[in-house]
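Q: This is the structure I have questions about; it appears just below.
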Amino acid sequence: MSRKIIVIMGVSGSGKSTVGNLLSEKIKVPFVDADDFHPKANIEKMSKGVPLDDEDRKPWLEALNKKMNEAQDENGIILACSALKESYREILSKRITWIEWVYLEGSFELIKSRMEKRKHFMKADLLQSQFDCLEVPNHETTIAIEEEPEVLVNTIINKMKTSSFGILGLGVMGKSLATNMLNKGFSISVYNRETPEEKGIVDAFIDENFGRRVLGFTELKEFIDSIQKPRKILMMVKAGKVTDTIIESMVPFLEEGDVLIDGGNSHYLDTKRRSDYLEDNGIEFVGLGVSGGEEGALKGPSLMPGGKKESYTKVAKYLEAISAKDEDNNPCCSYIGPDGAGHFVKMVHNGIEYGDMQLLAEVYAILSETMNNEEIATLLSEWNTRKHGSYLLEITSKITKEKEGDTYMLDIILDKAGNKGTGSWSSIAALEMGVPTTVKNAAVHARYTSSFKDERVRLSKYKNQAEHKEVVNVEVLEQAYDFARTVNLHQGFQLLKAASDEFNWNLNLAEICRVWSNGCIIKSKKIKEYSHLLKEVASLFDDEGVILNLYSQEAAARELITYTLQHRIHIPCFYEAYNYWVAMTTARSSANVIQAQRDFFGAHRFQKVGDKEEKTFHYNWS
């Protein structure tokens, strides 16, 4: 059994040793002062007024880690240690099952005055170097040092009896996020209902994380009472009525200032409604888009929080700590905007995801006519390594060659695609806002069409036997694939822009793209490129480079469509990407005919070419 490992940290002079000794007496866990482990060279250096560097501290930290590992197998330990940098804390944490970090926080002036009143081998004039070095941890119990040591110790003991964060719902995603949070050093409480269908889930999770800082509950009130105030609770439950039911059952036990976070795939209008309802009860609400699946939730998801900025501030350190990191090691989590903005952005993300997934399904359909699965997998892997860096392309390559025994998995899996609603929600929102998202819409319809399996089989029997297929030009296919992905992303960004204007959300497309650059299903090199590009332009179609590239790929898209028409292959997303592009780059459309028809049968009126005053007219067609 792992014993208590408690690290009291802060700059020199913050009272670590005093507090550590008192805490040791109260909870009967041995106390160790990290200063006693400094090698002689370090002590001499500090005595001369010379700050220690990372190389000086490394053997010291490694010696402390060894002591902590020994202690967790014996009686535990309370360690007073500066642990100023995150890299130092990482060395201290190696092979330790669980650490309770306590950060003693105080101002430079207060601590300097204390140091000047006592004898210490580190001189007071070195204090500034410690503050300069300090990286405030985000997973600690923070205690302000203004109070007397006895008061500080009682505060620490009380906080150790509770958790800093709560997670409600231990399904696949909830369990992974809870484990992620434990891995980041947070103390958590978890809750799951106890029913015949969901029996023993909490006990199993506690057993899996034995010795770590986690409290488990099947009673809602006990769960809520176990969390430090103001409470921060992440709900990971099925979207819809279940979410409303859970919220209703929690409200009597919550207090003003508590923050509820909905991490499910909720509709953005439901999020707005729930936010308004909870605000009337003094409870804050964050609608959190979570992308990355089970693996992302465990290792680092892309997170899209919406709600009041003040509410996000209360939970930011938890969400940003567990999120994926971008190419500059910044969290793939950022405040998105008010009320339902976070869930709207996640909904559009899922719509783009639908389009990208269907495009790859269409690529497979084309290639499988003349190539075997191993050849397809190799080709897709080459594409990804050389240019695309796409998570979906990577997993599709792996899926294609996966076997169960001697049979490819793709030959076993029934060709009926499921969906959870976010794709169709995204299409409905686009229709309501008048934004053409044709690629995504085609992907949604393709899933719907796939569900009519029996009908498809019956009708296919009337088809003439297919002739021998000529091999597709894979360079043309890759260009067309890249073309269609760009169009799909552009349409998604246009929907975000329209929603931002309609709801006054002030969405930052570049920042949203950056949040999508890692940890989520649509992460790719293209997403990373656009996260930089959208800082300079409001739309991808405002960038000359994007436009010229699409024009250069247009011939490939057209050639591919011709090939699939000749060989009778269903590629709705490629079609719609091309049709949209042609429509958007045609100066004079056929909409004049539509306007004439509308005016003919309904007197809906029309504008005239060249009329700068934009007057409307009606013509007597009879």
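Q: Could you say whether any residue in segment 180-195 is small (Gly, Ala, Ser) and closer than 30 Å to Gly13 by Cβ?
A: yes
Q: Continuing with the same structure: Restricting attention to segment 377-402, which residues are small (Gly, Ala, Ser) and in a helix (DSSP H, G or I)? Before you say what the answer is, go through the steps one by one.
A: Narrowing segment 377-402 to residues small (Gly, Ala, Ser): 377, 381, 389-390, 397.
Within segment 377-402, Ala377, Ser381, Ser397 meet the criteria.
Q: For residues that are β-branched (Val, Ile, Thr) and without any contact (Cβ under 8 Å) to a residue 12 or more places away in the chain, tally how many sit in segment 550-581.
A: 1
Q: Out of Ser524, Ser451, Ser460, Ser500, which single residue is in the same structural domain as Tyr364 (by TED's automatic domain parsing) and touching a strand residue (DSSP E or B) at 6+ places or on another chain (Cβ under 8 Å)?
A: Just a single option satisfies the conditions, and that option is Ser500.
Q: With respect to Leu379, determine if the residue is more than 25 Å from Phe452 (Cβ to Cβ), more than 29 Å from the chain's Cα centre (by Cα) and in contact (Cβ under 8 Å) with a residue 60 or more places away in the chain.
A: Values: more than 25 Å from Phe452 (Cβ to Cβ): yes; more than 29 Å from the chain's Cα centre (by Cα): yes; in contact (Cβ under 8 Å) with a residue 60 or more places away in the chain: yes.
Considered against the rule, which asks whether it is more than 25 Å from Phe452 (Cβ to Cβ), more than 29 Å from the chain's Cα centre (by Cα) and in contact (Cβ under 8 Å) with a residue 60 or more places away in the chain, Leu379 comes out as yes.
Q: Same structure again: Working carefully through the options Glu432, Glu374, find the one that is in contact with a helix residue (DSSP H, G or I) (Cβ under 7 Å, 6 or more places away or on another chain), more than 29 Å from Asp326 (Cβ to Cβ), part of a helix (DSSP H, G or I) and not hydroxyl-bearing (Ser, Thr, Tyr). Let's see the steps before the verdict.
A: Working: Glu432 fails: in contact with a helix residue (DSSP H, G or I) (Cβ under 7 Å, 6 or more places away or on another chain).
Exactly one residue qualifies, and that residue is Glu374.
Q: Go through segment 311-323 and give me each residue that's out of contact with any Phe, Trp or Tyr (no Cβ under 6 Å at 6 or more places or on another chain) and either crowded, with 20+ Cβ neighbours inside 10 Å or not aliphatic (A, V, I, L, M) (or both).
A: Filtering segment 311-323 for residues out of contact with any Phe, Trp or Tyr (no Cβ under 6 Å at 6 or more places or on another chain) gives 311, 313-317, 319-323.
Once the filter is applied, which keeps residues that are out of contact with any Phe, Trp or Tyr (no Cβ under 6 Å at 6 or more places or on another chain) and either crowded, with 20+ Cβ neighbours inside 10 Å or not aliphatic (A, V, I, L, M) (or both), segment 311-323 yields Ser311, Thr313, Lys314, Val315, Lys317, Leu319, Glu320, Ile322, Ser323.
Q: Is it the case that Lys497 is more than 35 Å from the chain's Cα centre (by Cα), farther than 30 Å from Val474 by Cα and of a type outside the set (A, V, I, L, M, F, W, C)? Break it down into steps so the answer makes sense when it comes.
A: Working: more than 35 Å from the chain's Cα centre (by Cα): no; farther than 30 Å from Val474 by Cα: yes; of a type outside the set (A, V, I, L, M, F, W, C): yes.
Considered against the rule, which asks whether it is more than 35 Å from the chain's Cα centre (by Cα), farther than 30 Å from Val474 by Cα and of a type outside the set (A, V, I, L, M, F, W, C), Lys497 comes out as no.
Q: Further, regarding this structure: Determine, yes or no, whether Ser266 is assigned to a loop (DSSP other than H, G, I, E, B) and surrounded by 20 or more Cβ atoms within 10 Å (Cβ to Cβ). Let's see the steps before the verdict.
A: Working: assigned to a loop (DSSP other than H, G, I, E, B): yes; surrounded by 20 or more Cβ atoms within 10 Å (Cβ to Cβ): yes.
So Ser266 fits the description; yes.
Q: Suppose we filter segment 275-300 for residues that are part of a loop (DSSP other than H, G, I, E, B) and under 19 Å from Asn265 (Cα atoms); how many remain?
A: So the answer is 2.
Q: Also, I was wondering about something else. Test Met357 against the criterion of being outside any helix (DSSP H, G or I) and surrounded by 13 or more Cβ atoms within 10 Å (Cβ to Cβ), and give yes or no.
A: Values: outside any helix (DSSP H, G or I): no; surrounded by 13 or more Cβ atoms within 10 Å (Cβ to Cβ): yes.
It is false that Met357 is outside any helix (DSSP H, G or I) and surrounded by 13 or more Cβ atoms within 10 Å (Cβ to Cβ).
Q: Hey, another quick one. Just for segment 153-169: of the residues that are aliphatic (A, V, I, L, M) and over 25 Å from Gly264 (Cα atoms), which one is surrounded by the most Cβ atoms within 10 Å (Cβ to Cβ)?
A: Checked segment 153-169; the qualifying residue surrounded by the most Cβ atoms within 10 Å (Cβ to Cβ) is Val153.
Q: Could you list all residues from segment 504-521 that are in a helix (DSSP H, G or I) and out of contact with any strand residue (DSSP E or B) (no Cβ under 8 Å at 6 or more places or on another chain)?
A: Leu509, Ala510, Glu511, Cys513, Arg514 - these are the residues of segment 504-521 that are in a helix (DSSP H, G or I) and out of contact with any strand residue (DSSP E or B) (no Cβ under 8 Å at 6 or more places or on another chain).
Q: Taking segment 282-297 only, how many residues are more than 8 Å from the chain's Cα centre (by Cα) and modelled with pLDDT of 95 or more?
A: Within segment 282-297, residues that are more than 8 Å from the chain's Cα centre (by Cα) and modelled with pLDDT of 95 or more number 6.
Q: Restricting the search to segment 31-87, which residues are outside any loop (DSSP other than H, G, I, E, B), of a type in the set (Asp, Glu) and over 19 Å from Gly15 (Cβ atoms)?
A: Glu44, Asp54, Glu55, Asp56, Glu62, Glu70, Glu86
Q: Something else about it: For residues that are aliphatic (A, V, I, L, M) and touching a Leu at 6+ places or on another chain (Cβ under 6 Å), scanning just segment 291-317, find the one that is nearest to Asn504 (Cα to Cα).
A: Going residue by residue through segment 291-317, those that are aliphatic (A, V, I, L, M) are 297-298, 303-304, 315-316.
Checking the rest, the ones that are also touching a Leu at 6+ places or on another chain (Cβ under 6 Å) come to 297, 303.
Details: Ala297: 30, Leu303: 21 Å.
Only one residue tops the list, namely Leu303.
Q: Sticking with this one: Examine segment 392-403 for a residue that is closer than 30 Å to Glu502 by Cβ, among the basic types (Lys, Arg) and either modelled with pLDDT of 95 or more or outside the structural domain of Glu295 (by TED's automatic domain parsing) (or both), and state whether such a residue exists. Even if it seems obvious, please write down each step before you answer.
A: Of segment 392-403, the ones closer than 30 Å to Glu502 by Cβ are 392.
Filter again for among the basic types (Lys, Arg), leaving none.
Within segment 392-403, none of the residues are closer than 30 Å to Glu502 by Cβ, among the basic types (Lys, Arg) and either modelled with pLDDT of 95 or more or outside the structural domain of Glu295 (by TED's automatic domain parsing) (or both).
To keep it simple, each residue is scored yes or no on (1) out of contact with any strand residue (DSSP E or B) (no Cβ under 8 Å at 6 or more places or on another chain); (2) surrounded by fewer than 19 Cβ atoms within 10 Å (Cβ to Cβ); (3) over 28 Å from Asn183 (Cα atoms).
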position: Glu295; (1), (2), (3): yes, yes, no
position: Lys309; (1), (2), (3): yes, yes, no
position: Lys325; (1), (2), (3): no, yes, no
position: Asn329; (1), (2), (3): yes, yes, no
position: Cys332; (1), (2), (3): no, no, no
position: Gly340; (1), (2), (3): no, no, yes
position: Asn373; (1), (2), (3): no, no, yes
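Residues are listed down the side, and each one gets a yes or a no for (1) surrounded by 13 or more Cβ atoms within 10 Å (Cβ to Cβ); (2) outside any loop (DSSP other than H, G, I, E, B):
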| site | (1), (2) |
| --- | --- |
| Arg558 | yes, yes |
| Thr562 | no, yes |
| Ile569 | yes, no |
| Cys573 | yes, yes |
| Ala577 | yes, yes |
| Thr586 | no, no |
| Gln595 | yes, yes |
| Arg598 | yes, yes |
| Phe601 | no, yes |
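Q: Need the failing condition index for Leu414 against (1) of a type outside the set (Val, Ile, Thr); (2) touching a helix residue (DSSP H, G or I) at 6+ places or on another chain (Cβ under 9 Å); (3) assigned to a helix (DSSP H, G or I); (4) touching a residue at least 24 places away in the same chain (Cβ under 8 Å), just the number.
A: (3)
Q: Considering only residues that are in a loop (DSSP other than H, G, I, E, B) and of a type in the set (Asp, Glu), look in segment 239-263 and name the one that is surrounded by the most Cβ atoms within 10 Å (Cβ to Cβ).
A: Within segment 239-263, the match that is surrounded by the most Cβ atoms within 10 Å (Cβ to Cβ) is Asp258.
Q: With the structure loaded, tell me whether Lys461 is more than 23 Å from Leu367 (Cβ to Cβ), of a type in the set (D, E, K, R) and under 24 Å from the mean Cα position of the chain (by Cα) or whether it fails that test. Working first, answer last.
A: Working: more than 23 Å from Leu367 (Cβ to Cβ): yes; of a type in the set (D, E, K, R): yes; under 24 Å from the mean Cα position of the chain (by Cα): no.
No; evaluated as a whole, the condition is false for this residue.
The values are calculated or read from the model by the stated rules, or taken from the named source; none is laboratory data. Keep in mind it's a predicted model, so treat the numbers as computed, not measured. Please note: Cβ atoms are built from the backbone with ideal geometry, for glycine as well, and neighbour counts cover all protein chains shown.
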